[in-house]
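Working notes, structure below.
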Amino acid sequence: MGIGIRFAAKIATKKAAEALAKKADRFSVKAVSGAADKPNKITSNQVVRSVPIENIEHGESARPGGKLTWPGAYKTVEKYANKKTPFPPIEIVADAEAPGRWVVSDGSHRLEAAKIRGDTEIPAAVFKEDLENF
């Protein structure tokens with residue numbers, strides 16, 4: 001199975017996208033520059049936890065037009081996958097309609113790279129108010 005097929009298979013569901021949109025006011029806004037994936041800084045209302053990859057879905061980055069569909073996205077994923085060091089935390093929010101499930105708000109390249117490396121968990125910044133879903 002090619003890496004492109006894996007991306008296509010992980011496009012966010014409508015429910016996950018809606019849950020992400022409901023929480024959009026909490027996200028850091030980033031300019032679209034085509035630059036390499038740069039992680040957000042952890043804020044005072046977030047904590048970092050190790051989260052099972054199988055419980056995380058992509059947000060808008062995997063949807064048509066999202067960062068994972070841009071030219072060069074695979075190179076960024078491969079760059080992360082080839083690193084021997086831990087990834088910076090991704091940012092996730094609780095899926096309001098699926099307890100125990102999470103949606104990526106920042107870090108889709110790192111999530112895909114972790115899957116390629118065979119990681120089973122990934123560090124993730126979680127909003128404190130979402131900890132009840134953990």
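Some notes on this structure:
- All positions within segment 84-134 that are part of a strand (DSSP E or B) and not hydrophobic (A, V, I, L, M, F, W, C): GLU91, SER105, ASP106, GLU121, PRO123
- Conditions (1) within 20 Å of THR43 (Cα to Cα); (2) at pLDDT 95 or above; (3) hydroxyl-bearing (Ser, Thr, Tyr): number failed by SER108: (2)
- Residues located in segment 92-122, provided they are charged (D, E, K, R) and more than 15 Å from GLY66 (Cβ to Cβ): ASP95, GLU97, ARG101, LYS115, ARG117, ASP119, GLU121
- Near pairs, Cβ below 9 angstrom, 6+ apart or cross-chain, from segment 62-82 (without any contact (Cβ under 8 Å) to a residue 24 or more places away in the chain) to any residue that is basic (Lys, Arg) and assigned to a helix (DSSP H, G or I): ASN82/ARG117
- Flag for LYS75 being surrounded by fewer than 14 Cβ atoms within 10 Å (Cβ to Cβ), of a type in the set (Lys, Arg) and either farther than 29 Å from SER44 by Cβ or touching a strand residue (DSSP E or B) at 6+ places or on another chain (Cβ under 7 Å) (or both): yes
- Among the residues listed as PRO88, PRO99, PRO52, the single one being of a type outside the set (Val, Ile, Thr), under 22 Å from LEU131 (Cα atoms) and crowded, with 17+ Cβ neighbours inside 10 Å: PRO88
- Of all residues in segment 103-121, those satisfying the criterion of being buried (at least 17 other Cβ atoms within 10 Å of the Cβ) and either closer than 13 Å to GLU60 by Cα or hydroxyl-bearing (Ser, Thr, Tyr) (or both) are VAL103, VAL104, SER105, ASP106, GLY107, SER108, HIS109.
The values are calculated or read from the model by the stated rules, or taken from the named source; none is laboratory data. Treat the numbers as computed from the prediction; the structure is a model and nothing was measured. Backbone-built Cβ (ideal geometry, glycine too); neighbour counts: all protein chains shown.
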